[in-house]
Amino acid sequence: MKIVLNGNPREVQATTLADLLTETGFSGRVATAVNEDFVPATLRPSHTLNDGDRVEVLAPMQGG
Amino acid sequence: MRTFYGTDLPNPLMLGTAQYPSPAILEQAFRESGAGVATVSLRREGAGGAGQTFWQMISDLNVLILPNTAGCHTVKEAVTTAHMAREVFGTDWIKLELIGHTDSLQPDVFQLVEAARILTDDGFQVFPYTTDDLIVGERLLEAGCEVLMPWGAPIGSGRGLNNEYALRAMRAEFPDTPLVVDAGIGLPSHAAHAMELGYDAVLLNTAVARAGEPATMARAMKLAIEAGQLAHQADPIEARDMAEASTPVIGKAFLT
């Protein structure tokens, strides 16, 4: 399946958001959104991905 | 003492974490500043897990965390970012930024009020980055905000308090609301000025992070904020147009 992860198109095997994070090596404190909607951590295992989904994985960063 | 959603700030300085030359200098600056609050953001996680390293460093600072919605231009974007920040940082506090103008980074106050209402209903404790407009301030309080953060000047401009009259009016209009001058501080004297007006805190980043010696500037800010706070408590004299001799006239020798 082809998705867009943090702005970059990529081919992935995962079918759920939780599996995607594992497959792409994300861990620790991250927050996720799919197609511009927030997906809480508790819902990642049950959140099924679809071809063309836009996934954002955000982490703590410097800010003012 | 005004509290921030029931929390006493350990120190009236909220310090940003962006733009420092290195993580070590950021840590030094925080130590020197005594800041009680660190502002942070959310950005796309890199392959190397930079966000996790940053999180560990911020955790070690042992300060309150205030995540922001910097760079958001729509209500939807800001609300979604706030939800993501709450999960990552484990706090209901959110510095709500809704940018309306590209060059000045002036807040879009119409969207700001709408987003503040949505987030308050969702259980957030909103710190709105706003202008010094009194009516907008009233609307934000009606929307559920218990803190107001008017700008001193545009973000990163270092111009100080562009409109002292408006900030003074805001202090008078909202005597029970914690007020923070957020943005525009360039010098310690600007920070002292805000505190002299009776503001409860100042939020700054660039003035420290981009100074030639960030840790030294952080300490200067700390001292200035304390001086301004004490000056306000001390009930300063009113300025006047004409001189008034301070040395007694009575008893002066007749020597002409």
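The values are calculated or read from the model by the stated rules, or taken from the named source; none is laboratory data. Bear in mind that the values here come from a model prediction, so they are computed numbers and not experimental data. Heads up, the Cβs are rebuilt from the backbone with ideal geometry, glycines too, and the neighbour counts pull from every protein chain shown. These area figures cover heavy atoms from the full protein model, side chains too; ligands, DNA and RNA do not enter into them. Shrake-Rupley method; radii C 1.70, N 1.55, O 1.52, S 1.80 Å.
For region B:207-234, which positions are open to solvent by 40 Å² or more (accessible area, probe 1.4 Å) and farther than 16 Å from B:Met1 by Cα?
Residues satisfying the conditions are B:Arg210, B:Gly212, B:Glu213, B:Thr216, B:Met217, B:Arg219, B:Lys222, B:Leu223, B:Ala227.
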| message | Can you pull out every residue in region B:95-122 that is closer than 18 Å to B:Ala18 by Cβ, surrounded by 20 or more Cβ atoms within 10 Å (Cβ to Cβ) and either charged (D, E, K, R) or in contact with a Pro (Cβ under 6 Å, 6 or more places away or on another chain) (or both)? | response | B:Lys95, B:Leu96, B:Glu97
| message | Whether any residue in region B:187-195 is without any contact (Cβ under 8 Å) to a residue 40 or more places away in the chain and not in a helix (DSSP H, G or I) is what I want to check. | response | yes
| note | Log entry, pairs with first residue in region B:123-142 being within 18 Å of B:Gly100 (Cα to Cα) and touching a residue at least 12 places away in the same chain (Cβ under 8 Å), second being hydroxyl-bearing (Ser, Thr, Tyr) and buried (at least 21 other Cβ atoms within 10 Å of the Cβ), beta carbons closer than 7 Å, six or more apart or on different chains, reads B:Val136/B:Thr130; B:Gly137/B:Thr130; B:Leu140/B:Thr130
| task | From (1) under 27 Å from B:Val202 (Cβ atoms); (2) in a helix (DSSP H, G or I); (3) at the interface with another protein chain (Cβ under 9 Å from one of its Cβ atoms); (4) out of contact with any Phe, Trp or Tyr (no Cβ under 6 Å at 6 or more places or on another chain), pick out the condition that doesn't hold for B:Leu26. | result | (4)
| Taking strands (runs of 3 or more DSSP E) that do not extend beyond region A:10-64, which have at least 3 residues that are open to solvent by less than 30 Å² (accessible area, probe 1.4 Å) and under 19 Å from B:Glu87 (Cβ atoms)? | A:31-34, A:54-62
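If I go through region B:24-46 residue by residue, how many of them are open to solvent by 40 Å² or more (accessible area, probe 1.4 Å) and either closer than 22 Å to B:Thr81 by Cβ or β-branched (Val, Ile, Thr) (or both)?
So the answer is 3.
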| request: Quick one: which residue in B:Leu9, B:Leu13, B:Leu66 is buried (at least 21 other Cβ atoms within 10 Å of the Cβ) and more than 13 Å from every other protein chain (Cβ to nearest Cβ)? | output: B:Leu13
| field | Residues that are in contact (Cβ under 8 Å) with a residue 12 or more places away in the chain and touching a Phe, Trp or Tyr at 6+ places or on another chain (Cβ under 7 Å), drawn from region A:32-64 | value | A:Val57, A:Pro60
| note | When restricted to B:Gly71, B:Gly51, the only residue modelled with pLDDT under 95 and more than 7 Å from chain A (Cβ to nearest Cβ) is B:Gly71
| Some residue of region B:123-145 being surrounded by fewer than 22 Cβ atoms within 10 Å (Cβ to Cβ) and within 14 Å of chain A (Cβ to nearest Cβ) | yes
